[in-house]
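Below is one structure, written out as structure tokens; the observations come after it.
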Number of protein chains: 2
Amino acid sequence: MVLADELAKQQRSISVAEFFEKNKHLLGFDSPTRGVITTIKEAVDNALDACEEAQVLPDIFISIKKTGNDIFRIIVEDNGPGIVPAQVPFVFGKLLYGSRFHQIRQTRGQQGIGISAAVLYAQLTTGVPTIIISRTGPKETAHRFEIQIKIETNEPDIILQQPFEWDRIHGTRVQIEFKSTMSAKKKLLEYLKYTSVVNPHARIRVELDDEAFTFERVSQDVISCPTAIQQHPHGIEFGQLKRMAATSEQKLSDFLVETFSRVGKKTAQEMCGKAGLKGTAKVKGLSSDELKTLLAAMQAVVVPAPPTTQCLSPIGEELIRRGLDKEFQMDFVAARTRPSSVYSGHPFMVEAAIGYGGRLPFEGNVIILRFANRVPLMYQQGACVITQCVANVNWKIYNLSQQGLPMGPVLILVHVASTNVPFTSESKDAIAGIPEIEKEIMLALQDLGRELKIFLSRRDKNKVAEDRARAVCAIIPELAAKVSEIVEKPLIDTSPIEGKLMHKIIAKKWTRDEKVTIEVSNYTGHEEEISVYDISSDNAANAAPKPEFVSEVDGQFTKVWKATIPPQTVWLVSYTGKGGGMLDIRGIEDTKKMVVDLDV
Amino acid sequence: MVLADELAKQQRSISVAEFFEKNKHLLGFDSPTRGVITTIKEAVDNALDACEEAQVLPDIFISIKKTGNDIFRIIVEDNGPGIVPAQVPFVFGKLLYGSRFHQIRQTRGQQGIGISAAVLYAQLTTGVPTIIISRTGPKETAHRFEIQIKIETNEPDIILQQPFEWDRIHGTRVQIEFKSTMSAKKKLLEYLKYTSVVNPHARIRVELDDEAFTFERVSQDVISCPTAIQQHPHGIEFGQLKRMAATSEQKLSDFLVETFSRVGKKTAQEMCGKAGLKGTAKVKGLSSDELKTLLAAMQAVVVPAPPTTQCLSPIGEELIRRGLDKEFQMDFVAARTRPSSVYSGHPFMVEAAIGYGGRLPFEGNVIILRFANRVPLMYQQGACVITQCVANVNWKIYNLSQQGLPMGPVLILVHVASTNVPFTSESKDAIAGIPEIEKEIMLALQDLGRELKIFLSRRDKNKVAEDRARAVCAIIPELAAKVSEIVEKPLIDTSPIEGKLMHKIIAKKWTRDEKVTIEVSNYTGHEEEISVYDISSDNAANAAPKPEFVSEVDGQFTKVWKATIPPQTVWLVSYTGKGGGMLDIRGIEDTKKMVVDLDV
């Protein structure tokens, strides 16, 4: 017998389930701790997608409990539209099964692998079937399933299915049990925090052993569900066209108009003309060569870009800024939503933000927050095109130091939204280096870099000006006193000099003989409406004028006065006290104010 | 109708072919140029694997030709054992089909995806079927196939199959046509160069448009084909054990002995005892709980590590050193083959090498060469655990500068050999960060770092010693002359002083009044046999003694004398000439010689 016959005996078909069981790291199950996060991520993705489709405000409950030695039980429950009983076994018990793979719109899940991978992992490590409860509406019965996957065939194995009394009107609950060491609590809470930043309409509750955390919704508006669009004529490959043509009963011009986005009758005619084909020809009857000519013609004719507003769901500059402000309280935040673009026929959109200072750590590399279709990416930062772009920007020209990545108290957020995010693997941890996406990220980052540079140089200038002002304000009165003593003339008011130096609102606070004085001089040339904030251990009971508002926390009194100050006018308040503490004025740009605390 | 019913209609099974058509970047087809390299890589992997199985010296022919606008035809032909006609359609026309997925041994291909992915890509971009010719032996008929993949079902579509007159006795030829811009020539040649470094028994010829390149074999020994081993009892998960048990008709103790590697009768008994199960019990009849207890017992009992010598095929330190020397001619090379280890039951082995100086570029980051199962990894360096380990080693303590990666004229090679290399995606570009593998790579690199440090500090010491010697040798004679003048005594011979400073062979060359003198003094304490090389514009026709050998190139004469010099003895030669040029002595370690050209 020849060797080839020998070898032929070893040839075998490999089931998808078998393949991913052996290569479970491709699905994000390379370590037990990571498995927990991957599972929760997949379940939450599904819950958010489903709630978006049902246009309900998501209420998601997550529970993680140790049930035995190294065995953890994970429960994720949502208030989505539920899954009809006939579909449950396939959705959870078959890899490569789902509703979103074939639709051209932005969704979190897109592969039909995610949650079934977790079922696979549970069955591999503990052998415990996954329990699913789902109910599709108040008039429907809930069903309870116990599901596994038949590895050799990648088909669902229904161990149990029965009606179930459930106190929810609609929703889905999945309970998965697998081996883990669960030391990833910090990472999990981080994942949930970032998820809630980009899904402000979601409420997520977590019970982690004996601790409970809630990520409350900050918006009561459901986000609109992206609707599917048709394939764009410029983003189609020959093999796809051939397949579509083979199953069509239409005439060529109808086929073009009805199958592709942005193709009207006139465009279809132009395409047919360029290809030398009749619009009335049956698509099915076209030869391979005719289809090739048609494809070339389709790509040669000018067609508007695909309509992206309906199929993509960007977060928006305002929301990104607010989300970051809430979490990091930085000195500076700027955000950009780029115009939509297309790669290989898939519409996509890049959003980015940059933040500086505030609570960010001063030392070390920049913090990079990566998102794809409103899902935070938690692993494989080094493999992601976002990280590569951050490293490829020359940040030195924007006044940041850089060693590979930029350094210092900087945060960079990038969100890639697409009808098909090109992840580097099924675990969806990192985005592949597609040139079109790379370009958009670079443009967004460079744009933000320029804004940051303006902020940094203004801040530096402000700092110099403020230092100088502080020095001047401290010395001028003493200088004036000395001068008046020498020349034996009465002491002059030096405030106008200080103001003229600055053209600003100048707030000063000083304390002499237990009397605290706050003086606000307006040198801006315009009337200004401001609030004066004074925080110290003094309660300012005898203040004149009276503060609008006083509050006390731990012996520190916050006193707020509102004042409208005409140009070249001084507003004054004084009270008995020890002074010190903190002074600020609000209601005016930072660059136009100067606060000098002479007690300090 | 409830929403869930609406949504259910969109639920669909996704075929593997459909999945990878949409996510072709996962298979290494994210850009047309990369597609060419991926295709050739997959075909060459298969060819080398098949030749190894057949134990023939691989003769691989590759041709890349432009056939039309942006269309390239790629041919890869091997002299392997061929594929029987019944298997050809499946091997090329079905994703997830192959002979190597289910075997526990080191192979290049391991997923059953590679070459069929190229067929898929061809059909998508050009629609041209892939042509395969294969013959399994001199008495067998060759067959010619035209194959595509049915996308919806992932089954082969045989467009043509017929007997074929082929002038090869055995082998396989695959011809694939797809869209590309083919600007990746440099990357392709690099890939082939590195492939031939780690496969010195292979001969690879390439025709690239009108250019031909040959990577000749440097070894006539076929490398032994790794043989498959059985699963190790410590590397098995519950789900696998349950499946194995369900299909076994054996008694428990026989099952353990015959199914697992390193389990003998005694070990099997111990496992049964620990689990409280009878060795005579039918495996099939064990309950889920009994199997859980059994698994715990299997993992608690001490079992030797899996036998790796048969299933793994490391390159070997000697061969790595020789391969690198040939390509880079460095000043220093060291290599390490680590002992084999295991992750999740998969045996693996790490080899590494480090090189310094020579033809390596002096500036910029280190060059990293990554290999997995004797295949060079060409893309996604940043995503690979090898790169991460190189960055994680603290190279500063080994006297290299470092900014993330180490810098300077350094080359680092790492080869991971395993029965299942954990790639980060199906395109097999980068290895995932499995902790066990990470640890082995770190240990190998740190070990090599220490060797490099010794080399570098010795070289630095040598350089200092040589500089000092040059200074001393230049000054001492003049000093001596001055002294003899002052004290009015005859000039003494200063050479012994110089030698005593060094304990070395010292070669000196000087020219006075058109007389060139070369003096070699042996201060080593032993008799030394050396060759003196003197290259200059002098032909040394009247040299005494006569050189062994004189050759002339472009007016430069290379003169070689052989000399055996007893300890504390001086060897002399002189001739008429202008001097200058270059002097060297060979046949003695660099650290024991010192060459001082006083003419310079």
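Listing for the model above:
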| quantity | calculated |
| --- | --- |
| Among B:222-229, B:147-154, the order from most to least packed when residues are scored by Cβ within 10 Å on average | B:147-154, B:222-229 |
| Residue-by-residue Karplus 3J(HN,Hα) for the range B:439-448, coefficients 6.51, -1.76, 1.60, Hz, glycine and proline x | 4, 5, 5, 4, 4, 5, 5, 5, 4, 5 |
| Rounded to 10°, Cα long-axis angle of helix A:288-300 versus longest principal axis of chain A | 10 |
| Relative contact order (%) - chain A, alpha-carbon pairs under 8 angstrom, separation at least six | 10 |
| Neighbouring partner chain Cβ atoms per residue of A:417-423, average, 10 Å criterion | 2 |
| In order through the range B:390-396: 3J(HN,Hα) via Karplus (6.51 cos²θ - 1.76 cosθ + 1.60), integer Hz, x for Gly, Pro | 4, 6, 7, 5, 7, 6, 4 |
| Dimensionless Rg/Rh of the range B:506-593 - Kirkwood Rh, Rg from C-alpha atoms | 0.96 |
| Mean-position separation - Cα centroids, the range B:171-198 and the range B:242-300, in angstrom | 48 |
| Selected from B:Ser13, B:Ser180, B:Ile315, residue furthest toward positive end of dipole (chain B; charges at beta carbon) | B:Ser13 |
| Inter-chain shielding of A:86-94 (mean C-beta neighbours from other protein chains, 10 Å cut-off) | 2 |
| Rounded, prolate or oblate (a/c below 1.5 giving rounded, otherwise prolate when a/b exceeds b/c) for the range B:365-430 by Cα gyration tensor | prolate |
| Given charges at Cβ of Lys, Arg, Asp, Glu: the protein assembly as shown dipole, positive-most of B:Val263, A:Pro129, B:Ala122 | A:Pro129 |
| For peptides B:27-35, A:88-96, A:205-213, sequence by mean Cβ density within 10 Å, most packed first | A:88-96, B:27-35, A:205-213 |
| Sequence-distant residues sharing a close amide H with B:Phe332 (under 5 Å, placed H) | B:Tyr356 |
| The range A:233-300: C-alpha gyration tensor shape, a/c 1.5 cut-off, then a/b vs b/c | rounded |
| Reference-scaled alpha-carbon Rg (2.2 N^0.38 Å with N residues) for chain A | 1.29 |
| Cβ-placed point charges (K, R +1; D, E -1), dipole of the range A:1-77 about Cα centre in debye, nearest 20 | 440 |
| Environment charge at A:Val56 (Cβ cut-off 13 Å; Lys +1, Arg +1, Asp -1, Glu -1) | -3 |
| Dipole magnitude of the range A:495-597, debye to nearest 20 (Cβ charges: Lys/Arg +1, Asp/Glu -1, about Cα centre) | 240 |
| Selection from A:Asn373, A:Gln299, A:Gly273, by position along the positive dipole direction of the range A:229-387 (Cβ) | A:Gly273 |
| Karplus (6.51, -1.76, 1.60) ³J(HN,Hα), θ = phi - 60°, over the range B:417-427, in Hz, Gly and Pro reported as x | 10, 7, 6, 8, 5, x, 6, 6, 7, 5, 6 |
| Tensor-based shape of the range B:173-226 (alpha-carbon gyration tensor, a/c under 1.5 rounded, otherwise prolate or oblate) | prolate |
| Rule-of-thumb Rg ratio for the protein assembly as shown [Cα; 2.2 N^0.38 Å; N residues] | 1.18 |
| Shielding by partners, peptide A:76-83 (average Cβ within 10 angstrom, other chains) | 2 |
| Net charge, B:Thr419 excluded, C-beta distance under 11 Å - Lys, Arg +1, Asp, Glu -1 | +3 |
| Using alpha-carbon coordinates, inclination of helix B:32-54 to the longest axis of chain B, degrees | 90 |
| Lys, Arg +1 and Asp, Glu -1 on Cβ, resulting dipole of chain B about Cα centre, debye, nearest 20 | 1400 |
| Neighbourhood charge, 9 Å Cβ-Cβ cut-off, centred on A:Lys65 and excluding it, Lys, Arg +1 and Asp, Glu -1 | 0 |
| Calculated diffusion of the range A:317-456, Stokes-Einstein form, Kirkwood radius summed over Cα pairs, 4 °C and 1.567 mPa s, µm²/s | 86 |
| Ordering of B:521-528, A:406-413 by packing [mean C-beta count within 10 Å, highest first] | A:406-413, B:521-528 |
| With Cα atoms, 0 to 90° folded angle of helix B:185-198 axis to chain B main axis | 90 |
| Helical contribution to [θ] at 222 nm, DSSP H n ≥ 4, -39,500 (n - 2.57), averaged over the protein assembly as shown, rounded to 500 | -10000 deg cm²/dmol |
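No value in this document is a laboratory result; all are computed from the given coordinates. Remember, it's a predicted structure, so these values are computed and weren't measured experimentally. Neighbour counts run over all protein chains shown; Cβ positions are idealised from the backbone, glycine included.
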